[in-house]
Each structure stands twice: as C-alpha cells, then as structure tokens.
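Trainee: Mind looking over this structure? Questions follow.
The values are calculated or read from the model by the stated rules, or taken from the named source; none is laboratory data. Keep in mind it's a predicted model, so treat the numbers as computed, not measured. Don't worry about glycine lacking a Cβ; one is built from the backbone with ideal geometry, like all the others, and counts go over all protein chains shown.
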Amino acid sequence: MRGLLVVTDLSADAIGKLYAVPLAAFTRERDALAAALKKADHAAQARAVRQLRRPSAALWAANQLAHTDTERLAAFLDGITQVQKTQLGDPRAAAEALTNQRRELQRLVRRAGELLAKQGNRATPAIERRIWETLLGAAVDRVRADELRHGRLPQELAAPGFEVLVGAGRGDHLRLVSGGRTASTRHSRSTNDERRDRPELDRQRRRDEAAPQRDDAAQQKKQAALRQREEAAAREREEAAQRQREMAERRAAVEHAEEEARDLTARLAAARRRLVEARRAAKSASCSGRRPSS
C-alpha cells in the first residue's frame, strides 16, 4: 500500500486518503486497508472500510479537487457562502458575486475533467453535469462542504435551489430570488410556471399591500390565495429537488454497479490466466518426470 493507508483507526483522514488514490486502484487499496485493520485486531473498522463503495467517476473527480486545487475549491465554497449571506441585503452585489462564482465553478469542472482524463476516463457532458451539481450541492451544505474540502465527500449531490448556476453558460437570464435561493428563467418555461415564480409573488404582495384597502374582506381573501400559491410553489420546488436527488442516486448506483462489474471481470480474467499457467506448469513437470522404458 506504499504506506499511504496503513492506519489503526478509521479516521476521517484515512477515508480522505482512500478517496485520493487513483480510481482504478480504489477497490484494491480499500481491501488492503481493511485487511491491515483486521490484522491489527480492528475488526469493526475493517468492516466499515469494506462497506465503502467505490466512488463514481464524477464523485472521484470532485474529491480530487481538494488535493490538486485546494485554494481554488476553498475560494469557491467560501464565495457561495458569502452570496447566500448577502443576497437579500445587497442583491446587486450578490448578483455580481454569483456571476464570478459561476466562472469559478466552470473552471473547477474543467479541471476535474482534466483529472479524469489523466486516469484514462473521458469526462462526458453527463459526467461534467454531475460534477457541476455535486460541487454546488456541497457548497450550499455546511457539512458536505467540509467533507469536500478534505476530499472525502461520500456521494454525488444534486443542487436544489441553485438552478441559476446549473443552467449557466447557455444564455439564460440570471436573477436572484428572495429567500436565499436563485433561479434560472428559461425560454421554455410555461406561463403557469412564470406566475409561480417567487419574484412575481413578491411583487404582487407589495402591490397588494400598497393598494387602498377599501374592502378588508377582499384583501384578506387575496392574501390567503397568495399564501396558498406560495406554499404550492414551495412544495413543487421541494419535490423537484427530491427528484433530482433520487436521479443522482440512481445514476451513481448504476455507475457503481458497472464499475464493480468491470473490476470483477478483470479479476476473473487474471485468475483464469493464472489457472492456465498453473496447468501448463503441472503438465510440464509431469512430462519431465517420466523416464523412457528400456
């Protein structure tokens, strides 16, 4: 194991080091670490290591940024946190910061693709999208952000609430949404979706509150209807975010299964080669042991 993963305790640092090994070597290094822990009478830790799944290509590449581009990744994560803090108080400054963070995210995704290429894996548009979403998903979650900073993020993530960054680079109009979330207005959005947008709801609320209240009962009814629309919109956003997370998990599970199948196929082929060589050696030894009859 080249001294990289020899530990006597399953620490976060050990997990980070395990995730830092080349993708093709993950299974071998994980099994070697588990064997070392078991030999050192750390059976529980050994079992925990055995349960660590080989990361997908997208997850592996995202974690590598913590080792290869430490400062840039940290600046991006800190920048997103700052955008969240200033978005409501200073929307204009937040919009400018958001544009800068979008550029930083694009650079990080390109860099992750380069790291994959060095390992012989092509960063397809689908993989780049998953890297993009994983970086954003971690950036808006304090615990996940810390895991990513140390290169030990355990799973791919969706990026609920940051569609403005996810959709960047395709000519979308960017705007900030109150409540600490951002959104991307796409040309294909339906009229109903536009009416459900939070900014429109906020503008409608301000117009209602500024209007002369000639009829209190009618005003209260309008506000109740507006609250219902807001609640419905919030539920739809949450459902969409849940669907994104489930899709990301399913994609990751499929890729894990495919990668494990390839690993098992390679190991089976190697075992077969060893079997053929052993048989040849046995046959050769048998032939050389025979003596010609007089």
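Trainee: Report the residue count in segment 154-163 for those that are surrounded by 22 or more Cβ atoms within 10 Å (Cβ to Cβ) and under 8 Å from the mean Cα position of the chain (by Cα).
Mentor: Here the count works out to 3.
Trainee: Within segment 79-119, track down each residue that is outside any helix (DSSP H, G or I) and closer than 24 Å to Glu249 by Cα.
Mentor: Answer for segment 79-119, where residues must be outside any helix (DSSP H, G or I) and closer than 24 Å to Glu249 by Cα: just Gln119.
Trainee: Is it fair to say Ala58 is surrounded by 22 or more Cβ atoms within 10 Å (Cβ to Cβ) and either outside any helix (DSSP H, G or I) or of a type in the set (Gly, Ala, Ser) (or both)?
Mentor: For Ala58, the condition - surrounded by 22 or more Cβ atoms within 10 Å (Cβ to Cβ) and either outside any helix (DSSP H, G or I) or of a type in the set (Gly, Ala, Ser) (or both) - is met.
Trainee: Something else about it: Determine which member of the set Glu104, Glu114, Glu71 is of a type outside the set (Phe, Trp, Tyr) and over 18 Å from the mean Cα position of the chain (by Cα).
Mentor: Glu71
Trainee: What about Ala66, is it assigned to a helix (DSSP H, G or I), crowded, with 18+ Cβ neighbours inside 10 Å and modelled with pLDDT under 80?
Mentor: no
Trainee: Another question, then. Any residue at all in segment 221-230 that's surrounded by 10 or more Cβ atoms within 10 Å (Cβ to Cβ), of a type in the set (S, T, N, Q) and modelled with pLDDT under 80?
Mentor: The answer is yes; a qualifying residue exists.
Trainee: Suppose the filter is surrounded by fewer than 17 Cβ atoms within 10 Å (Cβ to Cβ), under 19 Å from Ala138 (Cβ atoms) and either at pLDDT below 90 or in contact with a strand residue (DSSP E or B) (Cβ under 9 Å, 6 or more places away or on another chain) (or both); does Thr81 pass it?
Mentor: Criteria met by Thr81.
Trainee: What are the pairs, 6+ residues apart or on separate chains, where a residue within segment 241-268 that is more than 19 Å from Phe26 (Cβ to Cβ) and modelled with pLDDT of 80 or more has its Cβ under 8 Å from a residue that is of a type in the set (Gly, Ala, Ser) and surrounded by 11 or more Cβ atoms within 10 Å (Cβ to Cβ)?
Mentor: Ala241/Ala158; Ala241/Gly161; Gln244/Ala158; Gln244/Ala159; Arg245/Ala158; Met247/Ala158; Ala248/Ala158
Trainee: Within segment 120-134, track down each residue that is of a type in the set (A, V, I, L, M) and assigned to a helix (DSSP H, G or I).
Mentor: Correct list: Ala126, Ile127, Ile131.
Trainee: Just to be sure I understand, how many residues within segment 92-150 are under 25 Å from Gly16 (Cα atoms), surrounded by 13 or more Cβ atoms within 10 Å (Cβ to Cβ) and among the small types (Gly, Ala, Ser)?
Mentor: 7
Trainee: So which of Ala75, Ala95 is hydrophobic (A, V, I, L, M, F, W, C), in contact (Cβ under 8 Å) with a residue 12 or more places away in the chain and under 17 Å from Ala138 (Cβ atoms)?
Mentor: Exactly one of Ala75, Ala95 is hydrophobic (A, V, I, L, M, F, W, C), in contact (Cβ under 8 Å) with a residue 12 or more places away in the chain and under 17 Å from Ala138 (Cβ atoms), namely Ala75.
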